[in-house]
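Read through the structure below, which is laid out as structure tokens, and then see the notes.
The values are calculated or read from the model by the stated rules, or taken from the named source; none is laboratory data. This structure is a prediction, so every number in the text was calculated from the model and none was measured. All Cβ positions, even for glycine, are placed from backbone atoms using ideal geometry, and neighbour counts span all protein chains on display. These accessible areas exclude ligands, DNA and RNA; they are computed on the full protein's heavy atoms, side chains included. Shrake-Rupley method; radii C 1.70, N 1.55, O 1.52, S 1.80 Å.
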Amino acid sequence: MALTAVKGFNDILPDESGRWQYIEQTARRVFELNGFGEIRVPVMEKTELFCRSIGDATDIVEKEMYTFVDKGENSVTLRPEGTAGVMRAFIEHKMYAQDPIAKLYYMGPMFRYERPQKGRYRQFHQIGAEITGVNDPLADAQVLNMLTSFFREIGLTEPTLQINSLGCPECRPAYRAALRSFLEERIGHLCDDCKRRLVTNPLRALDCKVPGCVEATTLAPSVLEHLCGGCDDHFSSVRRYLDLSATPYSINSRMVRGLDYYTRTTFEMVTGLLGSQSAVAAGGRYDGLISQLGGPAIPGIGFAMGLERVALLLGSQEFATQPDLFIATMGGGERDVAFRLMDGLLKSGVRVEMDYEGKSLKSQMRRADKLKARYSVVIGENEVASGRASIKRMADGFQEEAALTITGIQLLVKSVKQ
Ligand code: HAM
């Protein structure tokens, strides 16, 4: 039987990795401009970390984690998301003792046992950012502005920002109770999952895609009408800061998140272009998480974007690196000249390809086309004797003569590059 990758786990081939690198580099540039530094944490953690942070009653913990017992009889889990591990590290290394305000970003694979489809995989990649130690709504706005800038810098007008507030431990119980009694009156219309969620996590019913549940919850009470004074003020200030920085957003009071640690501001960058996988990035505030994990009472806020989903939105733009020059030869001794030239040009930073197999001139030129080389040169006896050659611009066939030296070619290829 042929060996293939595990279902839902993908290879990223060189054709596509240019696009991934572009996304990663843009994120690094935008995040570092905002004062974020990279943190790298393990892909595997003790299972308990995710139960205590994401929450036992969430889909992720109930159904989706890659959990197993290792050879030392410890229950370990491949991380389904990044925030829990980053906060575990923040606490474990007492990073707060030096400065409670930490601005951290990370990128890497995450694992969830979900049903694979376009934009949803079992191994997927997130790029995330977290700020600890700031209660002020200004931090919420900075995070949202940074996320918006990322999408602008990368050249996407989709997705768009939706925000909500989920309140705090003071006001959420009353909202939960109001929603529960609303749902209980309509229990006959709810799906089995939502009937179960009624007890454990009634807010999730607002997120259910089953048509009966969507209809039954149309007139459900809004979380925004149940916020306490503190949460209401916080949410107003976030909106004011977003307005001050002209960041476009809309309010979606039905947005609930699939992780339990959120308090107050939550948000998603949504798109209509990826079918049912509408969230390209998502996040929120988690003021109780650090203390819940055994650290001091320090608030936090952050987000993560799905790299595969960003890559899908970027579509088929060309990100592969093209050679600057393809050197074709007529064979024989000219190959030595070509090889020396290629070696010198590579060392001087010009991307060069040449024929490896002594193929016909026609097939060498076909390869130059296939690789999308910007220039080509043919080296034959005459060129070697005169020390000069015609360099052809592949886009329009324009030819210019240059000295067959590293500087001669470098000058021509680089000057036209700018
Ligand atoms: P999340 O909403 O679970 O939040 O995931 C964030 C993003 O990861 C999603 O919006 C989506 O783009 C991507 N994603 C999630 N699951 C998959 C999947 N199976 N396949 C492909 N992409 C996926 C979190 O993970 C939080 N840790 C975000 C956060 C950071 N909140 C605060 N700080």
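Points worth noting:
- Residue check for residue 345: modelled with pLDDT of 95 or more and of a type outside the set (D, E, K, R): no
- Sole exception among (1) under 24 Å from residue 39 (Cβ atoms); (2) touching a Leu at 6+ places or on another chain (Cβ under 9 Å); (3) open to solvent by 10 Å² or more (accessible area, probe 1.4 Å) for residue 142, by number: (2)
- Residue satisfying all of: in the stretch 196-236; without any contact (Cβ under 8 Å) to a residue 40 or more places away in the chain and hydroxyl-bearing (Ser, Thr, Tyr); surrounded by the fewest Cβ atoms within 10 Å (Cβ to Cβ) among these: 218
- The stretch 1-27: number of residues that are touching a residue at least 12 places away in the same chain (Cβ under 8 Å) and out of contact with any Ser or Thr (no Cβ under 8 Å at 6 or more places or on another chain): 16
- Conditions (1) outside any helix (DSSP H, G or I); (2) within 16 Å of the ligand (Cβ to nearest atom); number of the one not met by residue 204: (1)
- Restricted to the stretch 365-390, and to residues there that are in contact (Cβ under 8 Å) with a residue 40 or more places away in the chain and over 17 Å from residue 346 (Cβ atoms), the residue that is least open to solvent (accessible area, probe 1.4 Å) is 380.
- The stretch 294-310: number of residues that are open to solvent by 30 Å² or more (accessible area, probe 1.4 Å) and either in contact (Cβ under 8 Å) with a residue 40 or more places away in the chain or within 18 Å of residue 128 (Cβ to Cβ) (or both): 3
- Criterion violated by residue 284 - all others in (1) open to solvent by 40 Å² or more (accessible area, probe 1.4 Å); (2) within 23 Å of residue 58 (Cα to Cα); (3) not hydroxyl-bearing (Ser, Thr, Tyr) satisfied: (1)
- The single condition among (1) of a type in the set (Ser, Thr, Tyr); (2) in contact with a helix residue (DSSP H, G or I) (Cβ under 7 Å, 6 or more places away or on another chain); (3) closer than 30 Å to residue 349 by Cα that residue 316 does not meet is (2).
- Selected residue [closer than 24 Å to residue 140 by Cβ and either small (Gly, Ala, Ser) or outside the structural domain of residue 111 (by TED's automatic domain parsing) (or both)] from 338, 282, 311: 282
- Within the set 71, 63, the sole residue that is in the same structural domain as residue 125 (by TED's automatic domain parsing), within 14 Å of the ligand (Cβ to nearest atom), open to solvent by 70 Å² or more (accessible area, probe 1.4 Å) and over 30 Å from residue 316 (Cβ atoms) turns out to be 63.
- For the stretch 6-18, the set of residues classified as within 16 Å of residue 115 (Cα to Cα) and either open to solvent by 100 Å² or more (accessible area, probe 1.4 Å) or among the small types (Gly, Ala, Ser) (or both) consists of 7, 8, listed by residue number.
- Residue check, residue 313 touching a residue at least 60 places away in the same chain (Cβ under 8 Å), part of a helix (DSSP H, G or I), within 16 Å of the ligand (Cβ to nearest atom) and in contact with a strand residue (DSSP E or B) (Cβ under 8 Å, 6 or more places away or on another chain): yes
- Note on the stretch 145-172: among residues that are in a helix (DSSP H, G or I) and open to solvent by 70 Å² or more (accessible area, probe 1.4 Å), the one that is farthest from residue 28 (Cα to Cα) is 152.
- Residues (among the hydrophobic types (A, V, I, L, M, F, W, C) and either open to solvent by 20 Å² or more (accessible area, probe 1.4 Å) or more than 9 Å from the ligand (Cβ to nearest atom) (or both)) located in the stretch 88-115: 89, 90, 91, 95, 97, 101, 102, 104, 107
- Filter result for residue 193 (acidic (Asp, Glu), assigned to a helix (DSSP H, G or I) and more than 27 Å from residue 139 (Cα to Cα)): yes
- Residue ID - modelled with the lowest pLDDT, chosen from residues in the stretch 116-164 that are among the charged types (D, E, K, R) and more than 9 Å from the ligand (Cβ to nearest atom): 158
Residue by residue, here is whether (1) of a type in the set (Val, Ile, Thr); (2) outside any loop (DSSP other than H, G, I, E, B); (3) at pLDDT 95 or above; (4) touching a Lys or Arg at 6+ places or on another chain (Cβ under 9 Å) holds:
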{"residue": "50", "(1), (2), (3), (4)": "no, yes, yes, yes"}
{"residue": "76", "(1), (2), (3), (4)": "yes, yes, yes, yes"}
{"residue": "87", "(1), (2), (3), (4)": "no, yes, yes, no"}
{"residue": "110", "(1), (2), (3), (4)": "no, yes, yes, yes"}
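- Reported count of residues in the stretch 237-275, each being more than 28 Å from residue 65 (Cα to Cα) and open to solvent by 50 Å² or more (accessible area, probe 1.4 Å), is 11.
- Selected residue [at pLDDT 95 or above and within 30 Å of the chain's Cα centre (by Cα)] from 295, 315: 295
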